[in-house]
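Peer 1: Sending over a structure as structure tokens; questions will come in a sec.
No value in this document is a laboratory result; all are computed from the given coordinates. Computed from a prediction, not measured in an experiment: that's the story for all the values here. Virtual Cβ from ideal backbone geometry, glycine too; neighbours counted across all protein chains shown.
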Amino acid sequence: MAQLEARHPGESEYLQAVKEVLISIEEVYNQHPEFEKARIIERLVEPDRIFIFKVPWMDDSGNVQVNLGYRVQFNNAIGPYKGGIRFHSSVTLSTLKFLGFEQTFKNALTTLPMGGAKGGSDFSIRNKSNNEVMRFCQAYMLELWNHIGPNTDVPAGDIGVGAREIGYMYGMYKKLKNEFTGAFTGKGIEFGGSLIRPEATGFGGLYFVHQMLSAKGLELKGKLVAVSGFGNVAWGAVTKADQLGAKVVAISGPDGYIYDAEGIKGEKIEYMLELRDSGNDLVQPYADRFPSAVFVPGKRPWELKVDVALPCAIQNELNGDDALQLINNGVTCVAEISNMGCTPEAIDLFLEHKILYAPGKAVNAGGVSVSGLEMSQNAMHLSWQSEEVDRQLHHIMSSIHSQCVDFGTESDGYINYVKGANVAGFMKVARAMMAQGVI
Ligand code: GLU
């Protein structure tokens, strides 16, 4: 860690993600002197390569705008680089390095052959016209197209990148490459996308939560749930939580949170899609539309008394104070559907109080898993029915849960999902790296 901090000063999110993994794997690493000899950790914590480029584009008023674009190809020991693209004003190199590092372990847990990568830009789609978004996506792809491909690096969506942005990027990629291949996942259903992909992260997250509760003899049915965010991931999570009989009472945005005591269901879930498509990143309009709801400005939903808390928005969105509040209010289960949604202080508190807690790399792996299934369908020139994709998603989430139990169960029976996910992901990637020599 000291070496890494000296080499990459100030890259706080990246250093945070690496530290969490190193602490978890210390014990198993020390049992494998061959890993030490091959410098597996030193090689695993640095990305294979990083592309950084400027993205100039013209806005609707004819002004030239310049953003920064990135793609971090982190590790391809077990498959082609794979991971989303994030367009958000908070994106820095540190953000994408942490996400690429996390993706490497997450993808290893999915059981599918995918390496880890992440890309993005500090461009924000907020208040941009459709044409501006298209021009930006095309400009971003103009630089990246030659470094990706179905067997090299397969990008997908993340915050700020949904079906529309993927369509524009894929269109430009296809034109420049003059090849119709599965170089992206999350594509529209008409041109090689997979059924269930938009829902997959949230659905998979709830399948995982269901397993966490069942492992302790508990049921999801009837539980009160708080969700953060109101984007694609939150929408999938709310939909599946409702289907499984839980009652979701909160969603949130950068402006505050919505508390809806009657539960978010039916047309209210549909309305989340409308809100997201409005492009202005505010959740308050929900309360204007549905009188059962209260808008609490500037606050996060973790102050509510709920059984299950599901961070679904962005990294470090649940801190130590939030964790204490949830614990004092009797929370049963906290599962990150966002990537690294909880700060290290929050995680330490959950583990100390033996709360059922699981990290994003396990809980949210359903999204990239269905991306992997989209790659399989593209390679076979087939498309599967939604029942088939959902069945495989279920199976993958169960397998991730079992890996966490196998590697993370402590002597008193408590399942440390952080340790379980990190050790299981690490062992797979480390073994593949060992087998492939020093490259
Ligand atoms: N951005 C998503 C994630 O964090 C999905 C990545 C993908 O489908 O490649 O896992």
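Peer 1: When all C-alpha to C-alpha distances in the range 115-259 are sorted into bins of 10 Å, what percent of pairs does each bin hold, rounded to whole numbers?
Peer 2: Bins of 10 Å from zero give 10, 33, 29, 19, 8, 0 percent of pairs.
Peer 1: Could you tell me how far the Cα centroid of the range 371-439 sits from the Cα centroid of the range 328-344, in Å?
Peer 2: 21 Å
Peer 1: For the chain, what does -39500 (n - 2.57) per DSSP helix run (n ≥ 4), summed and divided by total residues, give at 222 nm, in deg cm²/dmol to the nearest 500?
Peer 2: Working: 17 runs with 209 residues, N = 439.
About -15000 deg cm²/dmol.
Peer 1: If you don't mind, there's one more thing I want to ask. May I ask you to derive the relative contact order of the chain, considering only C-alpha pairs under 8 Å and at least 6 residues apart, and to give it as an integer percent?
Peer 2: Value for the chain: 16 percent.
Peer 1: Could you list Tyr414, Tyr29 in order of exposure, starting from the residue whose Cβ has the fewest other Cβ atoms within 10 Å?
Peer 2: Fewest to most other Cβ atoms nearby, the residues stand as Tyr414, Tyr29.
Peer 1: At 0.36 nm per residue, minus the direct Cα-Cα distance, what do Asp412 and Ser386 gain on full extension? Give it in nm, one decimal, please.
Peer 2: 5.3 nm
Peer 1: So between Glu26 and Ser61, what do we pick up on full extension, going 0.36 nm a residue minus the alpha carbon distance?
Peer 2: 7.1 nm
Peer 1: Check each of the GluC sites (Glu not before Pro) in the range 143-224 and keep only those in coil by DSSP with at most 13 other C-beta atoms within 10 angstrom; list them in order.
Peer 2: Sparse-neighbourhood loop GluC sites (Glu not before Pro): Glu179, Glu219.
Peer 1: Report the residue, chosen from Asn146, Asn76, Asn107, that carries the largest GNM mean-square fluctuation when the chain is represented by alpha-carbon nodes joined by springs under 10 Å.
Peer 2: Asn146
Peer 1: Holding the Cα-Cα limit at 26 Å, pick out from Lys97/Lys419; Lys187/Lys428; Lys37/Lys82 the pairs that are longer than that.
Peer 2: Listed pairs above 26 Å: Lys187/Lys428; Lys37/Lys82.
Peer 1: With each label point set 7 Å from Cα along the Cα-Cβ vector, what nm distance links Leu176 and Gln16?
Peer 2: With each label point 7 Å from Cα toward Cβ, the separation is 3.2 nm.
Peer 1: Spelling out what I want: for every residue of the range 296-308, take phi, set θ = phi - 60°, compute 6.51 cos²θ - 1.76 cosθ + 1.60 (Karplus), and round to whole Hz; glycine and proline get x.
Peer 2: Running phi through 6.51 cos²θ - 1.76 cosθ + 1.60 with θ = phi - 60° gives 10, x, x, 10, 10, x, 6, 7, 7, 8, 10, 8, 10 Hz.
Peer 1: Rounded to whole Å, give me the distance from the Cα center of the range 199-216 to that of the range 15-64.
Peer 2: Using only Cα atoms to place each centre, the spacing works out to 27 Å.
Peer 1: So, in Å, what gap is there between the alpha-carbon centers of the range 147-189 and the range 234-292?
Peer 2: 29 Å
Peer 1: Hey, with R₀ at 25 Å, roughly what FRET efficiency would Ile439 and Ile50 work out to, going by the Cβ-Cβ distance, to 0.05? Mind showing how you got there, number by number?
Peer 2: On the way: r = 17 Å, r/R0 = 0.70.
Computed FRET efficiency for Ile439 and Ile50 comes out at 0.90.
Peer 1: When a/c is below 1.5 the answer is rounded, else prolate if a/b is larger than b/c, else oblate, so apply that to the range 268-409 with a ≥ b ≥ c taken from the square roots of the Cα gyration tensor eigenvalues.
Peer 2: Working: a/c = 2.41, a/b = 1.19, b/c = 2.03.
In terms of gyration-tensor shape, oblate.
Peer 1: May I ask you to sort Val66, Val28 by Cβ crowding, counting other Cβ atoms within 10 Å and putting the fewest first?
Peer 2: With the sparsest Cβ surroundings first, the list reads Val66, Val28.
Peer 1: Under the rule of at least 5 residues apart or a separate chain, name every residue whose amide H is placed under 5 Å from the amide H of Gly157.
Peer 2: Ile85
Peer 1: Mind listing the long-range amide H neighbours of Glu336? Cut-off is under 5 Å, sequence gap 5 or more, other chains count too, H placed in the peptide plane at 1.01 Å from N.
Peer 2: Ala358, Gly360
Peer 1: Of Lys221/Lys361; Lys268/Lys305; Lys216/Lys354, which pairs sit farther than 19 Å apart, going by alpha carbon to alpha carbon?
Peer 2: Those over the limit are Lys221/Lys361; Lys268/Lys305.
Peer 1: Mind running the shape call on the chain? Use the C-alpha gyration tensor, a ≥ b ≥ c as the square roots of the eigenvalues: rounded below 1.5 for a/c, prolate if a/b tops b/c, oblate otherwise. Don't skip to the end; give the middle numbers.
Peer 2: Numbers: a/c = 1.43, a/b = 1.03, b/c = 1.39.
Here the chain falls in the rounded category.
Peer 1: Longest segment of the chain with no trypsin sites (Lys or Arg not before Pro) in a DSSP loop having at most 16 other Cβ atoms within 10 Å? Show your work: numbers first, answer last.
Peer 2: Values: sites that count: Arg39, Arg126, Lys216, Lys221, Lys265, Lys299, Lys305, Lys354.
For trypsin sites (Lys or Arg not before Pro) (loop position, at most 16 other Cβ atoms within 10 Å), the longest site-free span of the chain is 127-215.
Peer 1: Let me ask something else about it. Amide H neighbours of Asn329 under 5 Å, at least 5 residues apart or on other chains, H built in the peptide plane: list them.
Peer 2: Correct list: empty.
Peer 1: Which order do Thr95, Thr343, Thr181 fall in if you start with the one that has the fewest other Cβ atoms within 10 Å?
Peer 2: Neighbour counts put them in this order, fewest first: Thr181, Thr343, Thr95.
Peer 1: Now, a different point. Residue by residue through the range 68-83, which ³J(HN,Hα) values in whole Hz follow from phi under the Karplus form 6.51 cos²θ - 1.76 cosθ + 1.60 (θ = phi - 60°), with glycine and proline marked x?
Peer 2: Per-residue couplings from phi come out as 9, x, 9, 9, 9, 8, 7, 7, 10, 5, 10, x, x, 3, 8, x Hz.
Peer 1: If you average the sequence gap of Cα pairs under 8 Å that are 6 or more apart and divide by the length of the range 269-416, what percent do you get for the contact order? Could you put the intermediate results ahead of the total?
Peer 2: Numbers: 171 pairs, mean separation 22.7, N = 148.
15 percent.
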